[in-house]
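The block underneath contains the structure these notes are about, expressed in structure tokens.
Bear in mind that the values in this text are calculations on the coordinates, not laboratory data. In this text, all values refer to a predicted model and were calculated from it rather than measured experimentally. Cβ sites come from the backbone with ideal geometry, for glycine too, and all protein chains shown count toward neighbours.
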Amino acid sequence: MAEKQDNFVIMLDQLYQQLNNDNDDSIMSKKIPNPQLKMFPRKVHWINYHNTVKTMNRDFTHFQGYIQNELGINTSLKNVLNMKEGIILHTKCRDKQLKSLLGKYYSKYVLCKSCNSDDTSMEKMKNISKLYQIKCNSCLATFNVS
Ligand SMILES: [Zn+2]
């Protein structure tokens, strides 16, 4: 009986450790910047958006489309002539929400499923709409995502 209880406590400890790690964004490699956000009453300016997408080495339109789909919102470039000024999310949202979205995108479209490297590239599959091929530059594995 006592032994069972000990195991349970250990399990709980591990669970909490995992939860804490999640809060720490440990699934994302350190090089991906945290979102720098400027909040307005009904919109959010994601200031370092350009840098973030560049760091992930992904297509701007693809990532922008992903945000719009996942959050069900509209977005627009802050300055159409200069993408480096970031994008405007036409919604209220918290940086926690964006971080978890970024983490989801990262693990789905950036991380290699075989070796966990994030040194990957993504290309649109010819003739098949909305299907992409991700190629790992470390282990050379390829896989498809939609
Ligand atoms: Zn790999």
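Legend: ranking of residues 145, 53, 80, 44 from fewest to most surrounding C-beta atoms inside 10 Å; resulting order 80, 145, 53, 44. Separation of the alpha carbons by more than 19 angstrom is noted, of 38/96; 31/78; 108/130; 54/113; 31/104, for 31/78; 54/113. Cα-based radius of gyration for segment 28-110, normalised by 2.2 N^0.38 Å, reads 0.99. Diffusion coefficient (Stokes-Einstein, Kirkwood radius over C-alpha pairs, 10 °C, 1.306 mPa s) for segment 93-135: 136 µm²/s, rounded to a whole number. Among the trypsin sites (Lys or Arg not before Pro) in segment 67-131, those placed in a DSSP loop whose Cβ has at most 15 other Cβ atoms within 10 Å are 92, 94, 113, 126, 130. 3J(HN,Hα) couplings calculated from phi for segment 78-85 with the Karplus curve 6.51 cos²θ - 1.76 cosθ + 1.60 (θ = phi - 60°) are, in sequence order, 4, 9, 4, 8, 9, 5, 5, 7 Hz; Gly and Pro show x.
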